[in-house]
Amino acid sequence: MNKLESLIYQVVKNNPKVKNMVRDLYQALFSLIPGPHEKSRFPVMVREGYFFGFHDKNPWSAGDRLLLAHDFQKLPNREPRKGDQVNIGFFKGEKATEFQKVATTSCFNWQQGSMLQWVGKTGNFIFNDSGGDDNIARIFDTAGKEVARLPGAIAAVNPGGTMALSYNFARLQRHFPGYGYVHGNDPEVDRDTPALHGISIADLGTNRVTGLFSVQDVASFLPEKSMAGAKHFLTHCLFSPSGDRFIFLHRWVKNDNVTFTRMLSCDAGGKQLHLFPTGGMVSHIAWQDESHIMAWARSPENRDAYILFRDMSTEFRLVGTADFNSDGHPSFAEGNPRWFVTDTYPDRLRRSYLMLYDLAGEKRVDLGYFRQPMQFKEAVRCDLHPRWNHKGDAICFDSAHRGRRSLCTMNIGDLISQEQSNTS
């Protein structure tokens with residue numbers, strides 16, 4: 001954002017309906033200006049008709065040989081409805097261009113897909129589906145055999161592939177459209193703070209599901225004045241690299257318009273609950289290492305920025321304040337706390353930028369931009385959601401810059417090697 005856009009954003013940011021209306025009118029005007037659909041520092045492999053989902057999961061198998069994806073070839077660009085399905089599978093081959101369909105699912109959205117992800121390094125993968133009265137999770141091997149089924153939808157699997165976290169996706173869809181499922185049910189749909197569900201953990205060896213705490217439990221933990229009369233829900237779970245702890249977001253919505261968010265962590269048993277100083281707003285999160293979390297959040301000084309928080313403490317520091325002035329989706333290379341990749345929402349020309357940031361050298365490196373058509377907005381928008389491979393030399397992202405939602409990959413190994421040699 002330029003200075004004028006930043007000023008306007010500060011005025012409207014706390015009223016989402018007004019903010020979205022101003023943004024859409026502004027972008028619709030500028031979208032009439034002709035220009036390139038993409039500009040990239042490196043070649044991009046584009047797989048049209050496929051997407052992966054969120055930035056907090058790795059679509060590559062343990063050896064970076066297979067690439068998980070959703071195939072939506074026959075679906076129009078609208079919010080998912082009951083009866084809609086996408087194919088589940090993976091790309092294989094030397095350049096990961098051959099898609100192998102394994103299953104289908106009716107539980108998905110355009111932002112996070114079906115929570116498709118690998119089960120540790122086992123070679124199996126898991127995704128959510130509809131199981132009749134409620135949602136379930138299914139585990140398949142790469143040969144196409146279903147090896148397990150869980151009695152609830154999952155959000156995140158621990159790095160060891162032994163446990164998975166779960167919350168209510170039907171409630172999420174009601175109060176945060178675009179991130180939940182049209183299937184499933186919320187037994188306390190009219191209750192502000194449900195006491196019967198919250199975050200649960202599933203043992204992937206026994207399929208046993210155990211409740212850790214309810215939405216009501218979390219809302220009662222260090223409550224804030226703005227929580228009164230609001231609808232509460234929990235979302236965005238993410239295990240630490242060891243799997244010993246996880247972070248999650250507690251959100252509450254007032255008047256079906258204004259959303260407040262705070263970030264918490266706890267151990268894998270739901271104990272040692274910790275609240276981070278996020279100033280009422282935090283959106284996208286990533287573990288840097290076992291003790292630090294990167295988040296786009298509001299500092300206690302009321303400044304929105306990338307902030308690096310220390311778990312179980314009040315310590316934090318702002319990152320890249322000269323390089324970033326808008327929200328994005330950060331992720332760190334596996335085992336490498338120096339680099340994170342992130343993106344931007346579309347600018348006035350509908351260009352979404354893909355960027356690499358070097359924490360050691362405090363340097364931003366632009367990898368390119370991808371111009372998103374106007375029809376990709378709100379719940380059907382196509383955020384880049386960049387994700388690293390395991391080796392840390394390639395990035396996978398979703399984009400609609402060619403007019404259709406696509407799964408893209410870019411090799412940046414030469415750049416990483418060059419930047420590291422320049423600072424060694």
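Quick note: the coordinates plus some simple rules give every number you see, no bench work behind them. Note that the structure is predicted; figures quoted are calculated from it, not measured. Methodologically, a virtual Cβ is constructed for each residue, glycine included, from the backbone with ideal geometry; neighbour enumeration extends over all protein chains shown.
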Among Met115, Met45, what is the fewest-to-most ranking by other Cβ atoms within 10 Å? Met45, Met115
Calculate the FRET efficiency for Ser421 and Lys121 from the Cβ-Cβ distance with a Förster distance of 30 Å, rounded to the nearest 0.05. 0.50
Per-q log10 I(q)/I(0), the range 299-408, q = 0.09, 0.15, 0.20 Å⁻¹ (Debye; single scatterer per alpha-carbon; no solvent): -0.26, -0.70, -1.11
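Averaged across orientations, what area in nm² does the convex hull of the alpha carbons in the chain project? Provide the component values of the computation, followed by the final result.
Working: hull surface 77.3 nm².
So the Cα hull casts an average projection of 19.3 nm².
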Exposure proxy order (Cβ contacts within 10 Å, fewest to most) of Cys408, Cys237: Cys237, Cys408
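What is the chain's relative contact order, in percent, from Cα pairs under 8 angstrom and six or more apart in sequence?
Details: 1007 pairs, mean separation 62.6, N = 424.
This gives 15 percent for the chain.
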Distance (nanometres) between label positions extended 7 Å along Cα→Cβ at Asp134 and Arg41: 4.7
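Over the range 124-193, what lengths in whole Å, largest first, do the semi-axes of the equivalent ellipsoid take, defined as the square roots of 5 times the eigenvalues of the alpha-carbon gyration tensor?
On the way: eigenvalues 124, 34, 20 Å².
After diagonalising the Cα gyration tensor, the semi-axes are 25, 13, 10 Å.
Quick check: residue separation of Met1 and Thr321 times 0.36 nm, minus the Cα distance between them. What number comes out in nm?
On the way: separation 320, 0.36 × 320 = 115.20 nm, distance 1.30 nm.
That works out to 113.9 nm of additional length.
Please work out the FRET efficiency for the pair Asn255 and Glu48, using the Cβ-Cβ distance as r and a Förster radius of 25 Å; give the result to the nearest 0.05.
Details: r = 40 Å, r/R0 = 1.60.
In this case the efficiency is close to 0.05.
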Toy charge model, Lys and Arg Cβ at +1, Asp and Glu Cβ at -1: the chain dipole around Cα centroid in debye, rounded to 20, equals 940
So how many Lys-Lys pairs in the range 66-275 land under 23 Å Cα to Cα, not counting same-chain pairs under 8 apart? 13
From the phi angles alone, apply the Karplus equation (6.51, -1.76, 1.60; θ = phi - 60°) to the range 197-205 and give each ³J(HN,Hα) in whole Hz, x where the residue is Gly or Pro. 8, x, 10, 10, 10, 10, 7, 6, x
Given the Cα-Cα distance of Tyr9 and Ala379 and 0.36 nm per residue of separation, how much length would full extension add, in nm? 131.2 nm
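Please compute the contact order of the range 348-424 in relative form: average sequence separation of alpha-carbon pairs under 8 Å and at least six residues apart, divided by the residue count, as a percent.
Values: 110 pairs, mean separation 16.3, N = 77.
Worked out over the range 348-424, it gives 21 percent.
Once the convex hull of the C-alpha atoms of the range 66-275 is built, how many Å³ does it hold per residue, rounded to a whole number? Please report the intermediate quantities before stating the final value.
Values: hull volume 26.9 nm³, N = 210.
Each residue corresponds to 128 Å³ of Cα convex hull volume.
For the range 378-424, count the residues as N, evaluate 2.2 N^0.38 Å, and divide the Cα radius of gyration by that value, please. It would help to have the intermediate numbers written out before the result.
Details: Rg = 13.9 Å, N = 47, 2.2 N^0.38 = 9.5 Å.
Working it through for the range 378-424, the quotient is 1.46.
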Suppose the Debye formula is applied to equal point scatterers at every Cα of the range 13-147; what is log10 I(q)/I(0) at q = 0.10 Å⁻¹? -0.45
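What helices does the chain hold that run 15 Å or longer along their axis, going by alpha-carbon atoms, with a Kyte-Doolittle average of -1.0 or more, using DSSP H for the helix calls? Before the final figure, lay out each step's value.
Numbers: long enough: 16-30 (21 Å, -0.21); 413-423 (16 Å, -1.08).
TM-like helix candidates: 16-30.
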